[in-house]
Structure formats: C-alpha cells, structure tokens
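For reference, the structure discussed in these notes is given below.
The values are calculated or read from the model by the stated rules, or taken from the named source; none is laboratory data. Bear in mind the structure is a predicted one, so any value in this text is a computation, not a measurement. Every residue, glycine as well, gets a Cβ built from its backbone with ideal geometry; the counts of neighbours run over all protein chains shown. Ligands, DNA and RNA are excluded from the accessible area calculation, which covers all protein heavy atoms including side chains. Shrake-Rupley method; radii C 1.70, N 1.55, O 1.52, S 1.80 Å.
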Amino acid sequence: MSLFSFVPDKKFPEYYDVCTNTGILKYKKASYREYGDSYFMEEYQAQYKKTYYEDEMNLRKLAVRRIEVLRSIFKNGFIGKKLLEVGSAAGFFLDEARKEGFSVQGLELSEREVEYSKLALGLDVEKKSILDLPVDYFKNQLDVIVAFFVLEHISELESLWERLGYWIKPGGVIFLAVPSFFGPSFQTNPKEWFRTHPGDHFFDYDLHCLKKLLSSLGFTVKYARPMSYHPSRDLGLLGRLPVLGYKFYSDRFCYGDTIQVAAIKK
C-alpha cells in the first residue's frame, strides 16, 4: 500500500497536488536538473554572496549546532554509532560528526565535492544518489540519517521514504532540514512564494505533514525548530508582533520558511 495519494490542491490547483494521507505538497511545475560541480559554486554564491568553501567556518559552526541536537537525543554519546549523510556536499558536517565519535558515510552527486571529501578530509563518500542503492542496502543498520535541504530535490517520493524508513535501526534518528510551507512566505505572500519557488523542488513539507509521514514509518518527532526568523516577510498579524513574540510563536509551532526536524524510530 502506498504511503502517498495525491489530488489537486483546492486553493492552488495550478501549482500543487496535495497528499491526502500526509498533507505533503507536490509542485507540479518542478523539473529535474543535473547537480554537477557548478551547483555548489554558482547556486550557493548566488544565494549567500560567497562560495561554499569561503563559508566553511559558518557551515562547520552550523554542523556543531546540529550535532548538539543529536546529543540531546543520544544521551549515552555517539561512539560506534553509524551515521549516513544524504547529500553530503564537501563533507563539513561529516567531518565534525566524526570528531564526536560517529562512524560516518556520505552520498553526494557532485564529483568535485566527493573528491574533496575523500582527498582533503579522508571521508568515506560515494558519488551516488540514495536511490542508486537497493532498498535493503542498509536495512536496520544505521543509527542516524541526516539530509539537509536534499529531500525536496528528489522526485521519487515513495522510493526515497521507503529507504529512509528501512535503513534506520530501532532507536535510531532521522534528522532533516527542509523548506517549509508553514512559514511567512507561503502563508502570507503566496504570490512571492511561487515567483521564487525553485524549479527543482518537487515536494514541499511542513512539520504537520512530516509528523504524519514519520509516524506512519514508526518514528516520533523529538525536535522541531525553524532555522531562521523573518518577521519582515510576514504580511499578516504575526509580522506585527515584537521580535521576541514572533520568535516565541515560531519556536512553539515550528513556523518558518526553513525548518529542522529530528525523529526517533520506535
């Protein structure tokens, strides 16, 4: 039985189909693109005004903060625990996780980033998509799977989540960062949301639909937070709140254009 069943979205049928089981939104205008060596150079620099490598210090600081989220779940430490990163880029997160005791592996499509991960950092990274590996490749073997701004790029939704669910052992954790439609941009300014929506994002998530989906796979959400706060983007009542009030609401309800979610397998 399929985890997903899509019908046209009632409010935006020209842009979205909605999953009746989970609430995940399927972006109808999405198309596949090649994630070659130029992706990290050109796309990252266009968004952040610096290259991926020039931003290494900040990316490593972000990795350390993410590892602290995992530390709050794994009370007995990380020694001997197996961690897989899907879309591992240049390997900065994997390198920081290895320092903390994880046994790490990565999957990455950019040949340049794979070579850097291997030669410069000595990491075990393969030039593969998660879908290149058989469904039972890591069955019940992994303690952690992380994927930061990767899932939305994968069009084969059923195959993707089948692997994520199978590969994590009981007591293991999946830790995700994704764009969220429960945030100021989509909720209060959908015209701008669709104008700037990346053409290679096939699916859009929020905490509510992730909870439904993860629950169906045997997971319980343990951590959920927005990654940033943008009251200036909010054209509704929330945008008029004092900054502290806006942050309180955002943290309480995971309201943000990008979110992080960690869930543990029962």
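Segment Val69..Lys118, full-extension length gain: 15.0 nm, with 0.36 nm per residue of separation and the alpha-carbon distance subtracted. A value for Cα extents along the principal axes in Å was derived from the coordinates, and within the list (1) 81, 54, 31; (2) 59, 54, 32; (3) 48, 45, 38 it appears as (3).
Computed over the alpha-carbon pairs of region 60-166, the distance histogram in 10 Å steps reads 14, 48, 34, 4 percent, short to long. For region 1-113, the solvent-accessible area works out to 55 Å² per residue, with a probe of 1.4 Å and every protein chain left in place. At an R0 of 30 angstrom, the distance between the Cβ atoms of Lys28 and Leu237 translates into a FRET efficiency of 0.50. GNM on the chain, alpha-carbon springs under 10 angstrom: the most fluctuating residue among Gln105, Gln45, Gln141 is Gln45.
Highest average first, the peptides 243-249, 154-160 ordered by how many other beta carbon atoms sit within 10 Å of their residues are 154-160, 243-249. How many nm separate the modelled label positions at Ser215 and Gln47, each set 7 Å beyond the Cα in the direction of the Cβ? About 3.0 nm, to one decimal. Helix 243-253 and the long axis of the chain differ in direction by around 70°, with both axes built from C-alpha atoms.
Estimated at 0.36 nm per residue, the fully extended path between Val135 and Glu56 surpasses their Cα-Cα distance by 25.1 nm.
In units of the compact-protein estimate 2.2 N^0.38 Å, region 106-170 shows a Cα radius of gyration of 1.16. Measuring nothing but protein heavy atoms, the accessible surface of region 41-83 at 1.4 Å probe radius is 52 percent carbon and sulfur.
Charge tally for Phe12 (other residues, Cβ to Cβ under 12 Å; Lys, Arg +1; Asp, Glu -1): +2. Please work out the FRET efficiency for the pair Leu244 and Tyr223, using the Cβ-Cβ distance as r and a Förster radius of 22 Å; give the result to the nearest 0.05. For R0 = 22 Å, the calculated efficiency reads 0.55.
Compute the Cα gyration tensor for region 166-266, then decide on rounded, prolate or oblate, letting a ≥ b ≥ c be the square roots of its eigenvalues: rounded whenever a/c is under 1.5, prolate when a/b is larger than b/c in the other cases, and oblate in all that remain. Taking the square roots of the gyration eigenvalues as a ≥ b ≥ c, region 166-266 is oblate.
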